[in-house]
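The values are calculated or read from the model by the stated rules, or taken from the named source; none is laboratory data. This is a predicted model, so every value here is computed, not measured. All Cβ positions, glycine included, derive from the backbone under ideal geometry; neighbour counts span all protein chains shown.
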Amino acid sequence: MISTWFIKELRAHVQGEKRKGKKIAIVPTMGYLHRGHLSLVEEAKRAGAFVVMSIFVNPLQFGPKEDFGRYPRDLERDSSLAEEAGVDLLFHPALEEMYPEPMLTLVEVKELDAVLCGKSRPGHFTGVATVVAKLFNIVQPDLAFFGQKDYQQVQVIRRMVSDLNMPVEVRSVPIARAEDGLALSSRNVYLSPQQRAEAVVLYQSLEEGAAAIRKGERSARALENLIRAKIKAESSGDIDYVEVRDAADLKEVTEIEGPVVIALAVKFGQTRLIDNKVVEVGTDV
Ligand code: AMP
C-alpha cells in the first residue's frame, strides 16, 4: 500500500473514481494510527465512499517549541493498518510536495482560533485550516471526516468550509477511548507509566462534570473549579485550561442553558493532552 502518490497522479485517479460515480471521502491525519483514526475510516466506508487517507505531519501547525521533530512516525505500520481498515488511497506527501515554496497564503479562522487551544498554541489553527484547505483542493472530496476528540478543530474546519463555500460535507466522529476512558491519541506514547495511569483523571473529571450538570449545576465557573480541583488532587498534571463553552460557537457561557462543551488541556511532563465532553442541556438533561 505504501506508494508515492504525487498530487497530479492522485488527482487523476480520484477524478477517475468520481467518473465511476463514487463519492470521495478524505480522512486527514498525522499518522501513528490508532483505533480513533480507524473509526473515521469506518464511518467513511459506511458512507460508501472511496476513502483517501492523508498522513502528513504538518509543520505549519506546530509552534517553534512544540513536538514537530519528535512527533511519532511509523509509515509502514500505518500503511498496513490503513489497508486493513479499507483505505483506498494513502496520501503521504513529502514536505516539498506540500510546501514547495514558503506559504504566502494562509487560511485564518478568526475568533474560533483565539480561544481554548488557540490561546496557548498561537498560529496552530491557521496551520490546520491552511493544510486542510490544501488537502481539500488536492483531493476534492465530497465528504471529510474529523474526530470530536479535536472539538475546536472541527468547529474551525466547519466554519472555514461555510465561509469559503467549499463543496465538502464535514462529518465528525465520536471520541475513541482506551478501556479506562483515556482518549486515544498518538501522543499517548510519550507518557510514562505513571503519567499514563494518572491521565485517566481527564476522562473521569469530564464525566463528573457532566454528572454535576445532570444533578442541576448551572454555573460554568463552579463546574470548571470542580474539574480543576479533581485533576489537581488526583494527578501531577499541569492544567492549561478547563473551560465550559457554548457547544456551537465556543463562546463563553456563565449560566449553562443550552448545549455546552466541557473542554480541557492538561500537560503531563512535556505531553499536552486534550479531551472534551458535550453535554446537551435542555435535551438529554
Ligand atoms: P491526528 O492524527 O491526531 O491529527 O488526528 C487525525 C484525525 O483523527 C483528527 O480528525 C482527529 O480528531 C481524529 N482523532 C484523533 N484521535 C481520535 C480519537 N481518540 N477518537 C476519534 N477521533 C480521533
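Filter segment 39-62 for residues that are within 11 Å of the ligand (Cβ to nearest atom) and crowded, with 21+ Cβ neighbours inside 10 Å and give the result.
In the first step, residues of segment 39-62 are kept if they are within 11 Å of the ligand (Cβ to nearest atom); the result is 39-43, 53-58, 61.
L40, V41, M53, S54, I55, N58, Q61, listed by residue number.
Can you pull out the residues in segment 41-73 that are closer than 13 Å to S186 by Cα and of a type in the set (K, R)?
Of everything in segment 41-73, those that are closer than 13 Å to S186 by Cα and of a type in the set (K, R) turn out to be R70, R73.
Only one of (1) assigned to a strand (DSSP E or B); (2) farther than 30 Å from K110 by Cα; (3) of a type in the set (G, A, S) fails for G181. Which number is that?
Here G181 clears every test but (1).
Pick out the one residue from D249, D275 that is under 24 Å from the mean Cα position of the chain (by Cα), outside any loop (DSSP other than H, G, I, E, B) and in contact (Cβ under 8 Å) with a residue 40 or more places away in the chain.
Working: D249 fails: outside any loop (DSSP other than H, G, I, E, B).
Unique residue meeting the criteria: D275.
Any chance you could count how many residues in segment 193-229 are within 30 Å of M30 (Cβ to Cβ) and either among the basic types (K, R) or in the same structural domain as P72 (by TED's automatic domain parsing) (or both)?
In the first step, residues of segment 193-229 are kept if they are within 30 Å of M30 (Cβ to Cβ); the result is 193-207, 209-210, 224, 227-228.
From what's left, either among the basic types (K, R) or in the same structural domain as P72 (by TED's automatic domain parsing) (or both): 196, 228.
Of the residues in that region, 2 qualify.
Specify the residue that is farthest from R196 (Cα to Cα); the eligible residues are those in segment 214-237 that are part of a helix (DSSP H, G or I) and touching a helix residue (DSSP H, G or I) at 6+ places or on another chain (Cβ under 7 Å).
Going residue by residue through segment 214-237, those that are part of a helix (DSSP H, G or I) are 214, 220-234.
With the extra rule that they be touching a helix residue (DSSP H, G or I) at 6+ places or on another chain (Cβ under 7 Å), the set shrinks to 223, 226-227, 230-231, 234.
Values: L223: 25, L226: 22, I227: 19, K230: 16, I231: 14, E234: 13 Å.
Among them, the one singled out is L223.
Have a look at V87, V154, V139 and point out the one that is touching a residue at least 12 places away in the same chain (Cβ under 8 Å) and closer than 27 Å to K251 by Cα. Working first, answer last.
Numbers: V87 fails: closer than 27 Å to K251 by Cα; V139 fails: closer than 27 Å to K251 by Cα.
Being touching a residue at least 12 places away in the same chain (Cβ under 8 Å) and closer than 27 Å to K251 by Cα holds for just one of V87, V154, V139, which is V154.
Would you mind stating whether V139 is at pLDDT 95 or above and within 12 Å of the ligand (Cβ to nearest atom)? Explain how you work it out, then say what you get.
On the way: at pLDDT 95 or above: yes; within 12 Å of the ligand (Cβ to nearest atom): no.
When the stated conditions are applied, V139 does not pass them.
Does Q61 meet the test of being under 26 Å from K267 (Cβ atoms) and assigned by TED's automatic domain parsing to the domain that holds E9? Spell out the reasoning first.
On the way: under 26 Å from K267 (Cβ atoms): yes; assigned by TED's automatic domain parsing to the domain that holds E9: yes.
Yes: the conditions hold for Q61.
Looking at segment 1-51 only, could you name the residues that are touching an Asp or Glu at 6+ places or on another chain (Cβ under 8 Å) and part of a strand (DSSP E or B)?
Of everything in segment 1-51, those that are touching an Asp or Glu at 6+ places or on another chain (Cβ under 8 Å) and part of a strand (DSSP E or B) turn out to be I24, A25, F50, V51.
For segment 52-94, enumerate the residues that are assigned to a loop (DSSP other than H, G, I, E, B) and under 15 Å from K134 (Cβ atoms). So that I can check it myself, show each step before the final result.
Taking segment 52-94 as the starting set, the residues that turn out to be assigned to a loop (DSSP other than H, G, I, E, B) are 56-58, 62-74, 86-88, 92-94.
Across segment 52-94, the qualifying residues are F56, V57, N58, H92, P93, A94.
Somewhere in segment 185-192, is a residue over 30 Å from V109 (Cβ atoms), assigned by TED's automatic domain parsing to the domain that holds A229 and more than 13 Å from the ligand (Cβ to nearest atom)? It would help to see each step written out before you state the result.
Going through segment 185-192, the residues over 30 Å from V109 (Cβ atoms) turn out to be 191-192.
Restricting the remaining residues to those that are assigned by TED's automatic domain parsing to the domain that holds A229 gives 191-192.
Now restrict to residues that are more than 13 Å from the ligand (Cβ to nearest atom): 191-192.
Within segment 185-192 (the criterion being over 30 Å from V109 (Cβ atoms), assigned by TED's automatic domain parsing to the domain that holds A229 and more than 13 Å from the ligand (Cβ to nearest atom)), the answer is yes, since at least one residue qualifies.
Sort through E96, E111 and tell me the only one that's among the acidic types (D, E) and closer than 29 Å to L264 by Cβ. Step through it out loud before you land on a result.
Values: E96 fails: closer than 29 Å to L264 by Cβ.
Step by step, each of E96, E111 is checked, and only E111 is among the acidic types (D, E) and closer than 29 Å to L264 by Cβ.
Could you say which residue among G31, G36, G21 is away from the ligand (no atom under 16 Å from the Cβ) and either within 16 Å of the chain's Cα centre (by Cα) or in the same structural domain as N137 (by TED's automatic domain parsing) (or both)?
Numbers: G31 fails: away from the ligand (no atom under 16 Å from the Cβ); G36 fails: away from the ligand (no atom under 16 Å from the Cβ).
That would be G21, the only listed residue that is away from the ligand (no atom under 16 Å from the Cβ) and either within 16 Å of the chain's Cα centre (by Cα) or in the same structural domain as N137 (by TED's automatic domain parsing) (or both).
Which residues, taken from segment 252-272, are of a type in the set (A, V, I, L, M, F, W, C) and either touching a Cys at 6+ places or on another chain (Cβ under 9 Å) or outside any loop (DSSP other than H, G, I, E, B) (or both)?
Keep residues of segment 252-272 that are of a type in the set (A, V, I, L, M, F, W, C), which gives 253, 256, 260-266, 268.
Scanning segment 252-272 gives V260, V261, I262, A263, L264, A265, V266, F268.
Residues of segment 144-156 being near the ligand (Cβ under 9 Å from one of its atoms) and either surrounded by fewer than 19 Cβ atoms within 10 Å (Cβ to Cβ) or assigned to a helix (DSSP H, G or I) (or both), which ones?
Within segment 144-156, Q148, K149, D150, Y151, Q153, V154 meet the criteria.
Taking the conditions exactly as written (modelled with pLDDT of 95 or more, surrounded by 14 or more Cβ atoms within 10 Å (Cβ to Cβ) and closer than 29 Å to K230 by Cα), does E198 satisfy them or not?
Numbers: modelled with pLDDT of 95 or more: yes; surrounded by 14 or more Cβ atoms within 10 Å (Cβ to Cβ): yes; closer than 29 Å to K230 by Cα: yes.
Criteria met by E198.
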